[in-house]
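Visitor: Sharing a structure below in structure tokens format, with a few things to ask.
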Amino acid sequence: MGYAWDNGDIKMEALLSPKANYISGTELLTPMVGLGDDILYDRKQLGGARGRTALALGSGNLIIYCANDGKDGVTVEGLQTELYELGAETAIGADGGGSSQGSGDSWDVRSSDVPERPVHNYLCIWLKKESKEDKPVSKTVCLDPGHGPGCVNGSPDGSYKEYEFAWDMSQRVKTHLERCGVKVVMTKDEKGYPSLTERAKISDGAAADLLVSLHTNADGSAGWGPASGLMIYTSAGPDSAARNVAARAVIAQMQVAGVTVRKDAIIHELAYAIVRLPKAPSVLIEHGFHTNKEDVARLKTTEYRAKLAEATAKGACDFLGVAWADEQRNPMTPGPWYEEDRKWAKDQGISDGTRPDGPVTRAEVWAMLRRLNE
């Protein structure tokens with residue numbers, strides 16, 4: 001792994017990157033190497049405390065590390081820890097010892113053993129001056145309703161479909177975020193079923209500050225299973241990575257709302273493309289298990305979906321630093337014309353009362369007719 005870029009768009013990528021520039025070195029923090037993991041390097045050539053050079057990325061910042069031999073010298077493991085504490089999410093180590101040299105506006109590091117020691121590689125970095133204009137903060141969230149029509153994921157009894165829940169949840173979260181001034185970009189419409197790569201490209205094209213993929217989980221059982229509760233997937237550590245900060249913000253709001261959260265609430269899974277491919281910090285929220293009877297009973301209700309959507313949106317706002325705006329409710333506003341009918345159908349167990357304007361599949365008609373005659 002190393003850093004690749006064309007014109008300032010630096011990002012950690014694997015070798016054979018199509019970018020014009022590529023720099024690699026000792027992998028200190030990568031999707032495969034976290035804090036405390038074994039670091040692969042030549043102990044004879046690079047071991048011990050010595051001057052070090054490193055590049056790192058964290059929270060949108062480029063971190064340049066350069067230190068002399070002597071009192072500033074550190075081990076490779078110490079360098080990893082120091083960069084992590086500086087907020088690095090990814091990092092690579094370059095040369096060290098007497099070759100660790102560099103200079104900037106307010107610092108100058110030169111070889112301590114040979115003052116005029118030549119260094120055959122030099123990396124120049126230009127920094128743009130920060131704009132002094134007082135512009136309002138504008139944030140963009142990419143919402144990704146998981147799956148799409150035709151997806152078979154759902155409860156064993158057929159009464160719950162994951163793609164329907166994901167779409168409904170996306171519209172609820174979208175309403176909250178837009179009320180708070182956040183721009184929302186969708187990876188799909190209600191009938192769409194784009195690939196994961198296409199979804200990532202939509203997020204990148206919108207320069208999203210956060211991607212939230214909405215799902216429910218399954219425990220692999222053929223029928224109902226015991227696994228239950230909410231959890232979140234991100235691509236990898238460290239804990240200081242923006243994606244994991246976002247995940248913790250959502251988990252915190254879920255706990256405030258009284259939502260059952262699994263003991264291992266945040267799981268790292270590099271194999272999931274939707275949290276690995278986008279440039280934005282990305283989280284995949286499993287709002288419960290559609291293979292658990294109790295979870296499904298809750299997930300089908302309007303009240304529980306409203307709770308989940310609000311907590312999801314609040315967590316996103318907390319991560320983005322956006323002030324929460326409470327929903328304005330008018331107690332004098334009458335409900336829709338079908339409200340009594342909706343309530344009756346829900347009370348009778350015929351329907352869950354959601355999607356009043358949505359199309360009805362034949363499978364749903366069969367299920368409702370069976371319930372009506374039970």
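Visitor: Looking at the range 296-315, which of its residues are crowded, with 19+ Cβ neighbours inside 10 Å and either touching a strand residue (DSSP E or B) at 6+ places or on another chain (Cβ under 6 Å) or not in a helix (DSSP H, G or I) (or both)?
Guide: LEU299, LYS300, LEU308
Visitor: While we're here: Just to be sure I understand, how many residues within the range 170-196 are exposed (fewer than 15 other Cβ atoms within 10 Å of the Cβ) and touching a His at 6+ places or on another chain (Cβ under 9 Å)?
Guide: So the count comes out to 1.
Visitor: Among the residues of the range 245-278, count how many are over 15 Å from the mean Cα position of the chain (by Cα) and assigned to a loop (DSSP other than H, G, I, E, B).
Guide: Residues in the range 245-278 being over 15 Å from the mean Cα position of the chain (by Cα) and assigned to a loop (DSSP other than H, G, I, E, B): 4 in total.
Conditions tested, residue by residue: (1) assigned by TED's automatic domain parsing to the domain that holds ALA227; (2) assigned to a helix (DSSP H, G or I); (3) touching a residue at least 60 places away in the same chain (Cβ under 8 Å).
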site: ARG172; (1), (2), (3): yes, yes, yes
site: HIS176; (1), (2), (3): yes, yes, yes
site: LYS188; (1), (2), (3): yes, no, no
site: TYR193; (1), (2), (3): yes, no, no
site: GLU198; (1), (2), (3): yes, yes, no
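Visitor: Moving on. Quick test for you: out of ALA20, ALA14, ALA54, pick the one residue that is free of Cβ contacts under 8 Å to residues at least 60 places away in the same chain and under 19 Å from ALA236 (Cα atoms).
Guide: On the way: ALA20 fails: under 19 Å from ALA236 (Cα atoms); ALA54 fails: under 19 Å from ALA236 (Cα atoms).
Of the residues listed, the single one that is free of Cβ contacts under 8 Å to residues at least 60 places away in the same chain and under 19 Å from ALA236 (Cα atoms) is ALA14.
Visitor: Restricting the search to the range 28-51, which residues are without any contact (Cβ under 8 Å) to a residue 40 or more places away in the chain, under 25 Å from the mean Cα position of the chain (by Cα) and surrounded by fewer than 20 Cβ atoms within 10 Å (Cβ to Cβ)? Reasoning before the result, please.
Guide: The initial filter retains those residues of the range 28-51 that are without any contact (Cβ under 8 Å) to a residue 40 or more places away in the chain, namely 33, 36-38, 40, 42-45, 47-49.
Of the ones still in play, those that are also under 25 Å from the mean Cα position of the chain (by Cα) are 33, 36-37.
Once the filter is applied, which keeps residues that are without any contact (Cβ under 8 Å) to a residue 40 or more places away in the chain, under 25 Å from the mean Cα position of the chain (by Cα) and surrounded by fewer than 20 Cβ atoms within 10 Å (Cβ to Cβ), the range 28-51 yields GLY36, ASP37.
Visitor: Let me ask something else about it. Restricting attention to the range 64-84, which residues are crowded, with 20+ Cβ neighbours inside 10 Å and small (Gly, Ala, Ser)?
Guide: Once the filter is applied, which keeps residues that are crowded, with 20+ Cβ neighbours inside 10 Å and small (Gly, Ala, Ser), the range 64-84 yields only ALA67.
Visitor: Sticking with this structure for a sec: Looking at the structure I just gave you, is THR312 over 17 Å from the mean Cα position of the chain (by Cα) and β-branched (Val, Ile, Thr)?
Guide: no
Visitor: Contact list please: Cβ distance under 7 Å, first residue in the range 329-356 and surrounded by 13 or more Cβ atoms within 10 Å (Cβ to Cβ) and in a loop (DSSP other than H, G, I, E, B), second residue among the β-branched types (Val, Ile, Thr) and at pLDDT 70 or above, pairs at least six apart or on different chains.
Guide: Pairs found: ASP352/THR301; GLY353/THR302; THR354/THR302.
The rows are residues; the columns are (1) at pLDDT below 95; (2) small (Gly, Ala, Ser).
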site	(1), (2)
SER228	no, yes
ASP239	yes, no
ALA242	yes, yes
ILE251	no, no
VAL283	no, no
GLU294	no, no
ALA309	no, yes
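The values are calculated or read from the model by the stated rules, or taken from the named source; none is laboratory data. Remember, predicted model here, so these are calculated numbers, not experimental data. Cβ sites come from the backbone with ideal geometry, for glycine too, and all protein chains shown count toward neighbours.
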